[in-house]
Amino acid sequence: MENKLIVANHKMNMTASEINEFLKELGKINNKNVVICPTSIYIPYFLKKKFQVGIQNTFIHEKGAYTGEVSPMQAKSLGVNYTILGHSERRMYLEESDTFINKKVLEALNYDLKPIICIGETLEERNMLKTDKILKRQVINALRDVAKIEEVIIAYEPIWAIGTGVVPTNKEIKATISYIKTIINGLYPNNKVKVLYGGSVTEKNIKELNKIKEVDGYLVGGASLKPQAFLNIIEVVDSQ
Ligand code: PGA
């Protein structure tokens with residue numbers, strides 16, 4: 001079985017001095033299956049270590065007059081290998097559409113920056129039994145015109161599980177991840193796309209979650225800000 005990826009999403013957290021403290025404890029991680037995605041201005045602190053580095057967003061063009069944006073070409077030139085795209089917080093607060101996310105995916109792949117594409121349903125959609133329909137739409141639209149499918153990673157993050165401490169049951173996660181893989185297989189037969197789970201992953205529930213063999217890794221938000229909790233998560237995933 002392939003190794004599981006463990007992706008830390010720091011979101012917009014920590015000051016420069018907190019980052020220094022954080023790195024005193026986590027800088028020693030020696031595991032290329034760990035990808036840390038700090039707030040982008042802190043990326044240089046995380047480079048040249050024995051884990052991988054990702055960025056939390058990248059733009060649809062390689063350069064030019066796009067104030068505030070960072071391009072995949074720029075991220076890659078620094079040594080960044082992953083980019084989180086389509087996170088529900090960006091879909092929600094910045095009104096990112098499926099079409100826009102697809103453009104970001106294609107531009108990232110142009111520079112061999114591996115996109116970690118987030119998909120997931122809201123609580124309302126779940127209650128209305130629309131989860132499958134939403135996920136199918138998000139997957140198909142995100143992957144439109146993608147040629148390098150082997151570089152793509154999908155992260156299933158039910159929006160109602162993000163930062164809430166509520167997680168779906170293992171049975172639900174297994175069914176949903178299998179469904180997502182069926183959709184991807186319909187588009188790209190025999191692909192090896194990793195499908196991660198994200199949403200309130202903690203050091204407390206990781207043992208249980210890690211029993212689901214369909215899950216190819218985790219996207220960890222809140223718990224990745226606490227060094228010991230994150231190290232414990234890595235240890236569980238590595239040892240099981
Ligand atoms: P969480 O966030 O682990 O704090 O729920 C996950 C995410 O949004 O990627």
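The values are calculated or read from the model by the stated rules, or taken from the named source; none is laboratory data. From a predicted model like this one, the values you see are computed outputs, not experimental measurements. When we count neighbours, we look across all protein chains shown, and the Cβ atoms used for this are built from the backbone with ideal geometry, even at glycine.
Summary of values
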quantity	calculated
Selection count where residues are modelled with pLDDT of 95 or more and either of a type in the set (A, V, I, L, M, F, W, C) or more than 13 Å from the ligand (Cβ to nearest atom) (or both), scope the stretch 1-20	13
Selection from the stretch 115-147 of residues that are farther than 12 Å from residue 159 by Cα, within 16 Å of the ligand (Cβ to nearest atom) and free of Cβ contacts under 8 Å to residues at least 40 places away in the same chain	115, 117
Any hit, the stretch 203-220, residues being within 16 Å of the ligand (Cβ to nearest atom) and under 20 Å from residue 104 (Cβ atoms)	yes
Residue ID - farthest from the chain's Cα centre (by Cα), chosen from residues in the stretch 149-171 that are surrounded by 14 or more Cβ atoms within 10 Å (Cβ to Cβ) and away from the ligand (no atom under 16 Å from the Cβ)	170
The stretch 11-29 residues that are within 13 Å of residue 41 (Cβ to Cβ), paired with ones that are modelled with pLDDT of 95 or more and part of a loop (DSSP other than H, G, I, E, B) (beta carbon under 6 Å, 6 or more apart)	12/39
Neighbours by Cβ (under 7 Å, 6+ apart or cross-chain): first from the stretch 162-189, over 15 Å from residue 120 (Cβ atoms); second basic (Lys, Arg)	170/211
Selected residue [under 29 Å from residue 136 (Cβ atoms), out of contact with any His (no Cβ under 6 Å at 6 or more places or on another chain) and part of a loop (DSSP other than H, G, I, E, B)] from 101, 29, 84, 60	60
Scan of the stretch 179-219 for residues that are among the small types (Gly, Ala, Ser) and surrounded by 14 or more Cβ atoms within 10 Å (Cβ to Cβ), ordered by number	198, 199, 200, 217
